[in-house]
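Please read the structure below before turning to the comments.
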Amino acid sequence: AVVSTTRIKGIPKGTVMVEAIYTLQARRVPGLDVRQFLPMSSLRCLWDYKRRDYGEPISAAALAQRCENVDIDVARQLIEHQREPIRSLLKSMGQWARTQQGELVERARESVTQQLKDELARLESLQRVNPNVRDEELEEIRMELQVANVVLDEAEVKLDAVRVVFLH
C-alpha cells in the first residue's frame, strides 16, 4: 500500500481517493492453455468515499506522475484516522472486482467451449469416414473441456496493490 498526496483540478481539497489494483488469473494446467482465453488481467478502480469512479479520466500513469509520497509517520496517522472508510471502500471495490471477474470468466468459458466443441465436432465428423480417428481422441477433447471449466471456476481476483490519495 502507498499513501500519497496530490492536487487535481476539479476535485475538491480534502477528498480521499483509493486506487486498487486486482489481478485475475487462472492456474496453469499441463497440456491445456486456458490462459489463451483468460490471460492474467489487471483490474483497476479509483474511487472516492462516495464511490465516484475516477478510473477513466485519471489513468494509473497520470496519477502516479502527479502523486507525492507521504512520510511514513504521517501516512500511519492519515490511515489510522481514515481506517474504517478505507476498509468499507475496499470491500465495495472487492465486490466490483468479483463482478468483473464473473464477466471475464464467462467470456473465456464461451470461447474455450466454442473452440473445443468445434474441434470435437470436427473429429466426430472425421471419425465417421476415417476409422483411424480413435475414440480416445474424442474423449481427450471432452476431458479438456471439463478441465477448462474447472480451471475457470477456480479463477479468482486478488488484491494486488492499494494507493490512498489525499487531495490537498
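The values are calculated or read from the model by the stated rules, or taken from the named source; none is laboratory data. Computed from a prediction, not measured in an experiment: that's the story for all the values here. Using ideal geometry, Cβ is built from the backbone for each residue, glycine included, and neighbour counts are taken over all protein chains shown. Protein only, heavy atoms only, side chains kept; ligands, DNA and RNA dropped before computing areas. Shrake-Rupley method; radii C 1.70, N 1.55, O 1.52, S 1.80 Å.
Among the residues of the stretch 77-95, at least one is closer than 30 Å to Val147 by Cβ and either in contact (Cβ under 8 Å) with a residue 24 or more places away in the chain or of a type in the set (Asp, Glu) (or both).
The residues of the stretch 1-22 that are assigned to a strand (DSSP E or B) and either farther than 23 Å from Lys158 by Cα or of a type outside the set (Ser, Thr, Tyr) (or both), listed by number, are Val2, Val3, Thr5, Thr6, Val16, Met17, Val18, Glu19, Ala20, Ile21. Checking each residue in the stretch 116-134 for being open to solvent by less than 100 Å² (accessible area, probe 1.4 Å), in contact with a helix residue (DSSP H, G or I) (Cβ under 9 Å, 6 or more places away or on another chain) and part of a helix (DSSP H, G or I) picks out Leu116, Glu119, Leu120, Leu123, Glu124, Gln127. Take the conditions (1) farther than 18 Å from Ala161 by Cα; (2) over 23 Å from the mean Cα position of the chain (by Cα); (3) open to solvent by 70 Å² or more (accessible area, probe 1.4 Å); Val74 misses just one of them, which is (3). A single entry from Arg76, Arg128, Arg163, Arg109 fulfils the requirement of being among the charged types (D, E, K, R) and closer than 16 Å to Ala20 by Cβ: Arg163.
Just one of the listed residues (Val150, Val74, Val112) is part of a helix (DSSP H, G or I), under 26 Å from Pro30 (Cα atoms), out of contact with any helix residue (DSSP H, G or I) (no Cβ under 6 Å at 6 or more places or on another chain) and hydrophobic (A, V, I, L, M, F, W, C), and it is Val150. Considering the stretch 1-28 alone, what residues qualify as being under 20 Å from the mean Cα position of the chain (by Cα), within 17 Å of Pro85 (Cβ to Cβ) and of a type in the set (A, V, I, L, M, F, W, C)? Those that are under 20 Å from the mean Cα position of the chain (by Cα), within 17 Å of Pro85 (Cβ to Cβ) and of a type in the set (A, V, I, L, M, F, W, C): Ala1, Met17, Val18, Ala20. Across the stretch 23-48, the number of residues qualifying as open to solvent by less than 10 Å² (accessible area, probe 1.4 Å) and outside any loop (DSSP other than H, G, I, E, B) comes to 5. Looking across the stretch 77-86, just one residue is surrounded by fewer than 17 Cβ atoms within 10 Å (Cβ to Cβ), at pLDDT 95 or above and touching a strand residue (DSSP E or B) at 6+ places or on another chain (Cβ under 9 Å), and that is Pro85. If you go through the stretch 87-115 and keep only what is buried (at least 18 other Cβ atoms within 10 Å of the Cβ), in contact with a Leu (Cβ under 7 Å, 6 or more places away or on another chain) and under 30 Å from Leu138 (Cβ atoms), you end up with Leu104, Val105, Ala108, Arg109. Quick check on the stretch 141-167: of everything there that is among the aliphatic types (A, V, I, L, M) and without any contact (Cβ under 8 Å) to a residue 60 or more places away in the chain, which residue is least open to solvent (accessible area, probe 1.4 Å)? Filtering the stretch 141-167 for residues that are among the aliphatic types (A, V, I, L, M) and without any contact (Cβ under 8 Å) to a residue 60 or more places away in the chain, the one least open to solvent (accessible area, probe 1.4 Å) comes out as Ile141.
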